[in-house]
Amino acid sequence: MEQNRSKGSIYLSDSNSELINAYEVVRDDVENLIQHLKQHKNTQEYYRQIREWDRSPRYPFRSKLARASRFIYLNKTAYNGLYRVNSRGEFNVPYGRYKNPKFVDSKNLRICSTVLQDVNIEVLDFEENKARISRSDFVYLDPPYEPVTPTASFTAYTSTKFDETQQIRLFKFCQEIHRKGAYFMLSNSCAPWIAALYRKEKDFHIGRVMATRAVNCKADRRGAVKEIIVRNYS
């Protein structure tokens with residue numbers, strides 16, 4: 001399903017302000033971002049120095065460019081590319097010990113910048129998009145996944161957990177999208193109660209796919225895992 005690509009018609013939002021800042025810099029200042037990324041080093045000592053930035057009261061005053069560069073660098077050098085923060089919003093993933101992490105991917109960054117040129121990028125909770133959704137619009141939703149097992153739960157993507165209450169709120173938001181006559185696709189984990197929740201709505205179609213996942217403390221549990229895809233169209 002395609003969406004009208006005219007200027008101003010595409011919106012990208014997330015509650016993670018660091019992620020949104022990175023998208024904005026990729027869109028608006030990609031060449032300076034590429035140059036900034038080149039200064040980073042792949043050592044444990046340097047990694048810890050960069051990771052500690054958000055412990056300082058000065059961090060909010062760092063430039064958007066520096067924060068975006070840090071975000072990408074940490075993503076490529078942290079253990080398993082995991083993004084995780086504590087209750088204070090501080091990034092706390094250990095060093096990944098990779099030999100040649102590709103944190104300067106100039107070609108990919110330039111392609112992403114081109115794709116994002118006409119996209120409105122905002123820090124928003126998903127429900128804050130409700131007023132702009134109209135009939136025949138298409139909405140894709142990719143929430144933090146519900147753990148399939150109790151031991152799979154590992155803290156948060158933002159300082160506020162996306163827990164069962166948030167998952168139910170998201171389900172109701174999908175119902176609202178459907179009532180507006182818009183289309184949506186949602187991806188989530190195959191936790192049994194999540195699938196059961198969406199089965200309550202007779203107009204929702206639930207499928208299952210295998211998706212590659214690299215995040216697990218045990219190597220033999222990485223690889224293809226089941227996900228559900230929920231749609232309100234055939």
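Every read-out reported here was derived from the displayed coordinates using simple, explicitly stated rules and does not represent laboratory data. Just so it is clear, the structure is predicted and the values come from calculations on it, not from any experiment. Virtual Cβ from ideal backbone geometry, glycine too; neighbours counted across all protein chains shown.
State which entries of 41/102; 180/202; 130/180; 200/226; 76/107 exceed 19 angstrom in Cα-Cα distance in the structure shown. List each step's numbers first, then the result.
On the way: 41/102 11 Å; 180/202 16 Å; 130/180 10 Å; 200/226 21 Å; 76/107 16 Å.
From the list (41/102; 180/202; 130/180; 200/226; 76/107), the Cα-Cα distance tops 19 Å for 200/226.
Nearest 0.05, what FRET efficiency do residue 75 and residue 32 give at R0 = 22 Å with Cβ-Cβ as r?
The value I calculate is 0.75.
Be a star and scan the stretch 26-53 for residues whose amide nitrogen sits under 18 Å from the point 7 Å along the Cα-to-Cβ vector of residue 99.
Answer for the stretch 26-53: 42-44.
List the pair-distance distribution P(r) of the stretch 10-114, using every Cα-Cα distance, as the percent of pairs falling in each 5 Å bin from 0 up to the bin containing the longest distance, rounded to whole percents.
Pairs per bin, as whole percents: 2, 12, 23, 25, 21, 12, 3, 0, 0.
Taking the Cα centre as origin and putting +1 on Lys and Arg beta-carbons and -1 on Asp and Glu beta-carbons, what dipole magnitude results for the stretch 10-114, to the nearest 20 debye? List each step's numbers first, then the result.
Working: 19 positive and 11 negative charges, 82 e Å.
Using Cβ point charges on Lys, Arg, Asp and Glu, the stretch 10-114 gives about 400 debye.
For the chain, what does the equivalent ellipsoid look like in terms of its semi-axes, each the square root of 5 times an eigenvalue of the Cα gyration tensor, given largest first in whole Å?
Values: eigenvalues 198, 106, 54 Å².
The equivalent ellipsoid of the chain has semi-axes of 31, 23, 16 Å.
Nearest-5 percent of antiparallel DSSP beta bridges in the chain?
Details: 17 of 26 bridges.
The antiparallel proportion sits near 65 percent.
Between 74, 19, 108, whose Cα lies farthest towards the positive end of the dipole of the stretch 19-111 when Lys and Arg beta carbons carry +1 and Asp and Glu beta carbons carry -1, centred on the Cα centre?
Towards the positive end, the residue furthest out is 74.
Normalising by the residue count of the chain, find the relative contact order in percent from Cα pairs under 8 Å and 6+ residues apart.
Numbers: 335 pairs, mean separation 49.1, N = 234.
Taking the mean separation of contacting Cα pairs over the length of the chain, I get 21 percent.
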